[in-house]
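Derivation of every value follows stated rules applied to the coordinates shown; laboratory data play no part. Not measured: the values here are computed from a predicted model. FYI the Cβ positions are ideal-geometry reconstructions off the backbone, even for glycines, and counts take in every protein chain you see.
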Amino acid sequence: MILISSNIFAQNDTTKVEQYCEVLATGKMFSNKVTIDIDFGQARKLWSDNRIKDETGKLKNFNTVIDAMNYMGKQGWTLVTALLIGTGPYVYHYIFRREVLKSELSSD
């Protein structure tokens, strides 16, 4: 009986935790569009591609950095800070945060 009740409690856990991600916006050569790479803190392979893709797996193109930020906002993320690093092809680094249920996070 104790095992059953503790399992039910774990499924109804409403504890919220903060989740962070880093978004890198890189300008495309000879274009005003940007490529977005997102880092959720997961292990990355040397040649892994973390750019945002649409539902069909096709690379999602953003018209501007603001377009990408609006997309992140619609996904429930809130901007924490932004940094511009580099010259030439610019690279913006954005840190976003959102609250999620602890049970939604993988236990890596």
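Below is a table of values for the structure above.
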| read-out | value |
| --- | --- |
| For the stretch 14-103, size of Cβ-based charge dipole, Lys and Arg +1, Asp and Glu -1, in debye | 140 debye |
| Label point distance in nm, His93-Asp67, each placed 7 Å from Cα along Cα→Cβ | 2.5 nm |
